[in-house]
Amino acid sequence: MMRTLIFSLALALALAHPAVSQERRVAVTFDDLPFQADEATLCNPARMMAVTQDFVAMLKPLDTHGAAFVNAGRMCDAERDATLPPILNIWLDGGLDLGNHTFSHINIHRTTAEAYLADVDAGSPIVRDVLEARGKPLRWFRHPYLFTGETPQKHDAIAVGLAQRGYTVAPVTIDNNDWMFADVYRKAEQLGDKALMQRTGQAYVVHMTTVLEFFEPYSAEVAGGREPAQVLLLHANSLNQTYYPQIHDLYLARGYRFVPLEEALADPIYSHEDRYVRANGISWLHRWMQTDGRPIRWEPEPPAWIVAANKAPASELHAIASAP
């Protein structure tokens, strides 16, 4: 009953602000393939195949035309070569494209541009082989943490290196911090607390509505009066396994059409120069604002209890969630 009430509220908020006359478009992307899960799951081929099949089966009837980004190093060394290709083929069979997210989800702030690009290269062979077996190139790249380099030298070296390797960077315009909700959701799963899992998922759906309320007019301001095609960042995890269909419905209610990443990136906004150089991973909308010399306005933060629960061990979740 409560889940229905919360979703109805979120949907009502969405419908209260109908889409503008232009058609809204969004490309949905999922990072951190094969899955955000514990090591025991990632080292269990049968479990990983089942998790992947369930996730893609959830997505397939929604026809998102999405793209998914792979960290090949998430799989155990002993299982990677045999298990990762069939897992990635499940995603391709589901109608999604694939891209490289580096081998180890490397943090550029803690290494050199050369080491970063080496990790990009290490992440490519399995993904490329799976795509080329279907006559498709490996062309998409997504920066881990959305970090593009905290110095001009790193930023430029990585940009040049990716271009030399034939990659097109997949920017993000809408980042709703789903990873934070997903962390709390996984902790609640570990505790077997279904009520807290539900509360976390409901908070996630409502937060996404709030985030859209911010990013839609903000993106129009960045793009000179029209809302550009959006690129949504999500992650492959148990939270989205359960709650992505509600996120999908929210976008439909606000007049969005789900498009392939290639179509979204054909929007003229994505040719905008990006001169943002900071130790921070943020929406490209913010990057373009800063590049243009205009002040960044930050999106709404997740609820305080989610922020606190994300930072705390699972043993403290109940106390945080029950605090006034």
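Please compute the net charge surrounding Thr102, taking Lys and Arg as +1 and Asp and Glu as -1 over other residues with Cβ under 10 Å from its Cβ.
Charge balance in the 10 Å sphere: -1.
So which trypsin sites (Lys or Arg not before Pro) in the stretch 156-234 pass both tests, a DSSP loop state and at most 15 other Cβ atoms within 10 Å of the Cβ?
Working: sites: Arg165, Arg186, Lys187, Lys194, Arg199, Arg226; in loops: Arg165, Arg226.
Qualifying residues, ordered by number: Arg165, Arg226.
Evaluate the stretch 58-185: find the radius of gyration of its Cα atoms, find its Kirkwood radius, and give the ratio Rg to Rh.
Values: Rg = 15.1 Å, Rh = 15.6 Å.
Here the Rg-to-Rh quotient is 0.97.
Please compute the alpha carbon radius of gyration of the stretch 74-116, then divide it by the globular-protein estimate 2.2 N^0.38 Å. Two decimals is fine. Before the final figure, lay out the partial values.
Values: Rg = 13.5 Å, N = 43, 2.2 N^0.38 = 9.2 Å.
Against the empirical 2.2 N^0.38 Å value, I get 1.47 for the stretch 74-116.
For the stretch 228-298, what is the per residue volume of the convex hull drawn over the alpha-carbon atoms, in cubic angstrom?
Cα-based convex hull of the stretch 228-298, divided per residue, equals 132 Å³.
Starting from the Cα of Arg128, step 7 Å along the direction of its Cβ; do the same at Asp77; then give the gap between the two resulting points in nm.
Label-label distance for Arg128 and Asp77, simple model: 2.3 nm.
Cross-link candidates for Lys311: which lysines have Cα within less than 18 Å, leaving aside residues fewer than 8 places away along the same chain?
Result set, ordered by chain and number: Lys187.
So which lysines pass the test for Lys136, namely a Cα distance under 21 Å, with those fewer than 8 places away in the same chain ruled out?
Here the lysines satisfying the reach criterion relative to Lys136 are Lys60.
Using 0.36 nm per residue, how much length does the chain from Glu150 to Trp298 gain when fully extended, once their Cα-Cα distance is taken away?
Numbers: separation 148, 0.36 × 148 = 53.28 nm, distance 1.92 nm.
Length gained, Glu150 through Trp298: 51.4 nm.
Taking 0.36 nm per residue of sequence separation and subtracting the Cα-Cα distance, how much length would be gained by fully extending the chain between Glu263 and His105, in nm to one decimal?
Result: 54.3 nm gained on full extension.
May I ask for the Kirkwood hydrodynamic radius of the stretch 170-259, worked out over all distinct Cα pairs and given in angstroms to one decimal?
Details: mean 1/r = 0.0715 Å⁻¹.
One over the average 1/r among Cα pairs gives 14.0 Å for the stretch 170-259.
Scattering from the C-alpha atoms of the stretch 172-324 alone, worked out with Debye: what is log10 I(q)/I(0) at q = 0.15, 0.20 1/Å?
One equal scatterer on each Cα of the stretch 172-324 leads to -0.84, -1.23.
At R0 = 25 Å, how high is the FRET efficiency between Lys194 and Ala57 if r is their beta carbon distance? Nearest 0.05 is fine.
Values: r = 22 Å, r/R0 = 0.87.
The pair Lys194/Ala57 has a calculated efficiency of 0.70.
Select from Ala203, Ala46, Ala113 the residue whose mean-square fluctuation is largest in a Gaussian network model of the chain (Cα-Cα springs shorter than 10 Å).
In this elastic network of the chain, the residue with the biggest mean-square fluctuation among Ala203, Ala46, Ala113 is Ala46.
Could you work out the relative contact order of the chain? I mean the mean sequence separation of Cα pairs under 8 Å and 6+ apart, divided by the number of residues, in percent.
26 percent
Ignoring solvent entirely, what values of log10 I(q)/I(0) come out of the Debye formula for the stretch 283-324 at 0.16, 0.19, 0.22, 0.32 Å⁻¹ when each Cα is a single scatterer?
-0.56, -0.62, -0.68, -1.04
Leaving ligands, DNA and RNA out of it, report the carbon-plus-sulfur percent of the accessible area of the chain at a 1.4 Å probe.
Looking at the chain in its full context, I get 55 percent from C and S.
First obtain the Kirkwood hydrodynamic radius of the chain from its Cα pairs, then insert it into the Stokes-Einstein equation at 4 °C and 1.567 mPa s, and state the resulting D in µm² per second as a whole number. Intermediate results must be reported in sequence, preceding the final value.
Details: Rh = 20.4 Å.
My calculation gives 64 µm²/s for D.
So what's the back-of-envelope 222 nm ellipticity for the chain, counting only DSSP H runs of four-plus at -39500 (n - 2.57) apiece and dividing by all residues, rounded to 500?
Only helices count here, giving -16000 deg cm²/dmol.
The values are calculated or read from the model by the stated rules, or taken from the named source; none is laboratory data. Remember, it's a predicted structure, so these values are computed and weren't measured experimentally. For neighbour counting, all protein chains shown are included, and Cβ atoms are generated from backbone atoms with ideal geometry for every residue, glycine included. Side chains are part of the model used for accessible areas, which takes the heavy atoms of the whole protein and leaves out ligands, DNA and RNA. Shrake-Rupley method; radii C 1.70, N 1.55, O 1.52, S 1.80 Å.
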